[in-house]
Each structure stands twice: as structure tokens, then as C-alpha cells.
1. Within the range 1-52, take every residue that is modelled with pLDDT of 75 or more and assigned to a strand (DSSP E or B) and give me the one that is farthest from PRO104 (Cα to Cα).
2. Check whether at least one residue in the range 205-218 is among the β-branched types (Val, Ile, Thr) and in contact with a His (Cβ under 6 Å, 6 or more places away or on another chain), and report yes or no.
3. With respect to GLU482, determine if the residue is at pLDDT 95 or above and under 30 Å from ALA428 (Cβ atoms).
4. Any idea which residue in the range 24-57 is surrounded by the fewest Cβ atoms within 10 Å (Cβ to Cβ), counting only those that are among the aliphatic types (A, V, I, L, M) and in contact (Cβ under 8 Å) with a residue 12 or more places away in the chain?
5. So ASN94 clears everything in (1) on the phi < 0 side of the Ramachandran plot; (2) touching a residue at least 24 places away in the same chain (Cβ under 8 Å); (3) within 28 Å of the chain's Cα centre (by Cα) except one condition, right? Which one?
6. Given the criteria part of a loop (DSSP other than H, G, I, E, B), closer than 19 Å to ASP471 by Cβ and not polar (S, T, N, Q), does TYR403 qualify?
7. Out of all the residues in the range 389-410, which are open to solvent by 10 Å² or more (accessible area, probe 1.4 Å) and among the hydroxyl-bearing types (Ser, Thr, Tyr)?
8. If you scan the range 531-563, which residues turn out to be over 22 Å from ILE505 (Cβ atoms), among the hydroxyl-bearing types (Ser, Thr, Tyr) and surrounded by 21 or more Cβ atoms within 10 Å (Cβ to Cβ)?
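The values are calculated or read from the model by the stated rules, or taken from the named source; none is laboratory data. Since we're looking at a predicted model, the values are computed, not measured. Glycine also receives a Cβ, built like all others from the backbone with ideal geometry; neighbour counts cover every protein chain displayed. Side chains are part of the model used for accessible areas, which takes the heavy atoms of the whole protein and leaves out ligands, DNA and RNA. Shrake-Rupley method; radii C 1.70, N 1.55, O 1.52, S 1.80 Å.
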Amino acid sequence: LRCGTTESWVSASGNVNQTGRRLWVFEKDDFAPFPDNFDWSTVDRIRLSPWKDRADSTYLRFYEIYAYSPGIYIVEGTRSHFSSTAADLAEQFNSILSRHHLSPAMITDINVEEGRLKGAQLAIYPYNDNISDKELDRLEEFVDSGGKILAFFNLKSELADLLGIDNKGWIEDPNGWFQSYQFDADDIDFLPEKVTQDSWNIRHASPSRKDARVIAWWHDSTGSQQEYPAWLLSDTGAFKSHIILDEDPENTEQAIIAIMGHLYPRTLEEMARGAFQDIGKIAYHEEYEQVVSEIEAQAKISPRHEEAYHYLRHTDNLRNASASYMEENRYRKAYDKAIKAREALIEAYARVQIGRPDEFRAMWEHAGTGIKPGDWEYSVSLLKEVGFNAIIPNLLWGGSAHYESEYLPASDEYYEYGDQVAQVVEAAHEKDMSIHAWKVHWRVNRAPQDFQDRMSNENRLQKNVDGEESDWLCPSHPDNQELELNSMLELVEKYDVEGLHMDYIRYQNEDYCYCDGCRQRFEEERGESVPDWPDDCYSGNLQQEYIEWRASNITRLVRSISQEARTLDPDILISAAVTANYERDWKRYGQDWVTWCQEGYLDFVCPMNYTTSIHRFERLLQRQKDWLPEDMIVYSGIGAYVLSADEVIAQIRMVREYNLPGFVLFNYDEQAAENILPYLEKGILQHHTTSVRGYHLYQ
């Protein structure tokens, strides 16, 4: 975009990852660089500059370009005395509205001073405890023009006046008064009856104008109503006496949306239209017709084609109903039908997937205790039923172990739930599943304090280039190398595990380690002193040599674990979770994992390809294939923790397109068990063979 008065340009960018229509939405703050004298009202040119990412034949067609001001603005309190809290709560609010198919603008308190609320209908203040006089002036203008304010917890007197309420002060809760709140407002549609929220303090406020009233009261743990309002409402906005907490997310979000709908009636319309547009956004598709075409094509060779067609018909009926309700301005009904239509379409998509035999299917389990701590049988059985054949549980760290170790302190989990290695091995082997014991190397942050203190006193912890100590063991220290090696080998000696899995097998980042021990050992190995430590090694003429020396310390441990574990058990499988971008990251982290594969130190490698973009995921798979020996076994890591079930399915399909023999999902927890695994079980992880209409397939 060009500013006509100054002839200066600002730019923003987006990616095209697949065919079909795509809607890009850019906010003002997405454009950069942003000169102080840029006048948006004088923009006179728009330049579109496509750049090809790869040598494919393609074309772009632009249908429409328009500017608009959203009705809802979220204001981050950048001047807050607790700026990180303000930022987190603003982003939390943005996530809530996005989940409900709303598209608010994210602005700051400084933007409000600049007049950015002009044209908006609703300003949301999630946590703003330091509002300037200039910002209050702009808010007064905003309210005078018909705008509404939705504010939480912080209540400067001028803001209270705008909302028609009195600030009676801050109240701490020593007696469990604020355990939930219940609504009393029959004129507000869709409010939940009760929201659970255990607040430890509130802002006591009361109505000061005739149009202001209490719409929800706090209740204690016995359910008794207290004298303190939880929500107040007036003609100019609403106020909640504490921040948003996530103890009761469904009812919390329902309450917020209902109150927003009362303040800004177009809320439900925007939700309905957004939900309708998103029905077909399944597995990286942008359009409804695209995903339906893919499902229909896949159904022709799927053993569950009848179920899939049933859900497709159901989707179509719900989608048509949603459209009809929108024409009648019945937006709540339209929204509900659109949500159900998308759910039905995901069911159809999941059911047309086809399994693959002899595939390594594993999940990383970070807690090391299973999704129901103390009950590994349940966790393993669930994975087996879904179609997994391996599990990689995190059983030890640099300074603690979930079993009685000869080398590491026992963890709190061991004392509470017992020997987690023995329990998971027994449960897994009963289900014919393999166990790869996962260690987080070097990190002692979970170790007892006396262990951390001992490591510090013995100068065994990493220090950054500024000499600041961290809670990571220094990889060049011989005692640390021995500790890491012995703690892995004892797993092979004591337990019947199928493999050893290394994680965090690297340095923290490029700023580590520059401790005195590293200097001494580096100088001894090169046979020459470093004149200007650490600058010569960090950014000077010895930088490359030091980078390679750091990497050699990590490689030394990988080689030792590999060789000595295989001596103890020739069938043991050695593996590692590694950063996805080897070319960029090995110098930063000292993780030379391509060399480990070339030298045969690993039986398989798991690049952590954690991305929400299927385009980036594919590029990573291709680059990893190019970097590694042809016969190297690669099990791609998939970041299920940031993906929906349909996106996980799409990434598993991409893994298979690249002929990789398996994958590992991160992370096995309750969220994955509830929201991801049920959809994988319906098709993509079916594992018995069947014959369907002339095709021999794997379910």
C-alpha cells in the first residue's frame, strides 16, 4: 500500500498453499515498515507482488479487494503494570472469539489514543490497569458515539463513570466466597445458569446510574449467594469483577458471547456467517466443494463408504438449514446448524480414510505417568484400541527419574505412583506394544534442589555468553557425559525396553555454553589458548571451530549411548527426537543429527515437524529426505497438540505420500485422547485387510 502524501510503502504477506479460493485478512498492524507519517486516509495505490516458492506452473486470480472496520476491538494494555498478563489475557480473548468464528481487531491502548476505535461498536478491555487520561478521552468519545465497553477487573474511576457503576475497592477472598457466579437476567438470551470460577479476589462494584444493574452474583462453595456482583450491565457496556479463568471454559465462553450479543447485536450474525463459511475448512481445504469432492473420490475405495455418504448427506442437510435460518435472521439457529454441519463433514472425512499395514505408529507421552497417572494399563489399552503399536513415554530427565535409579534422584512421580518404567513395560507388552524409553537430556529443572545446588557448586551447569548460569548440564563436562550415559544404560540393564529415545540432545541455543570448563576443555583439545574469551568463539574468528566443537560434545554422547547400549542388547533400537530444520539449526543447537544417521548411531530418527501448515510440513519432509541416507528410517513427528483431528489425518496422509514407514504424534494427553484419537480410529489407523468392490485395501 502506498501513502499518497509521503509516497511511502507498507507491506504485508500471505501464503497460497493449495488451489481454490482463499480469503486473506490483514490488519493495519500487519503492515511493515510503518513510518510515523503514514496517512491511511491517503492510500492511493495497492500493489500485488506474487513470489513463487517452487518451480510449479500456476496462476493467481484476484476476485475482490476491500477495506473494512470490524465491529469488535480487543484492547491490549501495553502500559499495564503486569504487561505479560495483559498480553496473555488479550490473546486468550482473541482465541475465544476466533473459536466462535468472530474476527475482532487486536489493538493496543496506544492505538486507542490515536483514535483507532472510530467506527467500532464494542471495545473489550480484558486487563487494562493503567489507562491514560488521553485514552479515557478517546473512550468517552467512543461511548458518546454509541460504542459499548466490555471491561474486566480493573476499574479506574473515569471508566466506572462511563459504565454507570461505582468502584468500591478491591476485595481479597479468604473465605471461599467467590467460587462461582449465577446469572439473573431473563432479557439476555443464551446465558448459562451458572459458571464455575474460583477467584481469589475481585473488584467490588455497584450500579450508580438508573440504567445500570447487576446481572450475576458471586456464590460461595456451598452455593450461597454473596453480596458481591460478578457481572454488571448498563446501556454503555458491561463489567466483570474478575478476569477470565479457564476452570469452566464452555460456560465461561457462553456467558461472554451472550453478553457480547446483548451489547452488540450483530455478534450472532457474524458468528453464524463465519461458522457457515468455515464448514468446508477441513484438512487444509478452503472451500466446501473441494473437501466434498475429495471425500466422494476417497469413498469409492473406502470400506466405510456407506457411513461416509450418510454423513455427507447429513452435512448437506444441516448446511442448507443453516443458510435458510440466516435468510430468516435466526442467527443462533443458523450458527448451531453450521457447527453441526462441520462436525458431520469431519466425521465423513475421517471415515473415508484407509489404513496402512506394517507402519510404526507411536505417541510421545510427556508426563511419563500416562493420561490417568498410576494406571498405565488404561493408557496403553486406549492406544492399542485406536491402532497404535508403540509408545514413547518420558521416563527420565537430566536430574530425575520415574524409577529407582542408581544415578539420578527419584522423581515426585515415582514416590506417588511407583516405578513408571516397570508399569508401562508390563502394560505395553501385555498389549504387544513396543516401548521406547524417552529421556530429556541435560535438563535438571525438575531435579530436587539439593541436586541442582550440587551441580552448580561443581561447575557442571551451562553458562551463557554473559556468564549467567542455567539449569542445563554442560555437555563438555566429563562427569555429565558419564551421568547421561549411565542413566540410559541402566534402563537397558534393568528393564525389557525395545528402545532408547533421546530428546533435548543438544545445547539450549547459540548462547550456550561458555563456562570456564568449556574454555579449558576447548583450549586443551585445540592445543592453543583463546586470546579473547568468549568473543573469539561466539562471534570472532574461532566461531566456526567452536560451533563444531560444541556439536562434537553432543555427538560423543550419542555415539557412546548407541555403541554401549547395543553391546548390552544387540536388539535395542536407538532413536532421537530432533529439530526439523537441520540446515538452520545444527549450528545453533550443536545437534548434528544428519551425521548421526550417516554414521549409523541411530536406528530411526524423529524430526519434530510441528507446524499447522501442510505446505511447510511437506517441505520439511522433502528436505529431510534430501539430507538423509536413502535407507535411513524416518518417523516424522506430528504436532497434534496444535492441530485439529482432520489436520492430523492430513499430515499422516502426507507422511504416507512420501513413503515414510511411520510417524509419532505429540502429545498423548487427555486433550488428544478426547479430540484426536477417536477420529483416527475411524479410518486412518484401521489395520486389518479387506476387499471392497474389486480393490484389495487396508483398513
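1. Looking at the filtered set, the residue picked out is SER8.
2. Looking through the range 205-218, none of the residues is among the β-branched types (Val, Ile, Thr) and in contact with a His (Cβ under 6 Å, 6 or more places away or on another chain).
3. yes
4. Here the answer is LEU48.
5. Here ASN94 meets the rest and fails (2).
6. Values: part of a loop (DSSP other than H, G, I, E, B): yes; closer than 19 Å to ASP471 by Cβ: no; not polar (S, T, N, Q): yes.
So TYR403 fails the test.
7. Across the range 389-410, the qualifying residues are SER405, TYR407.
8. Residues satisfying the conditions do not exist here.
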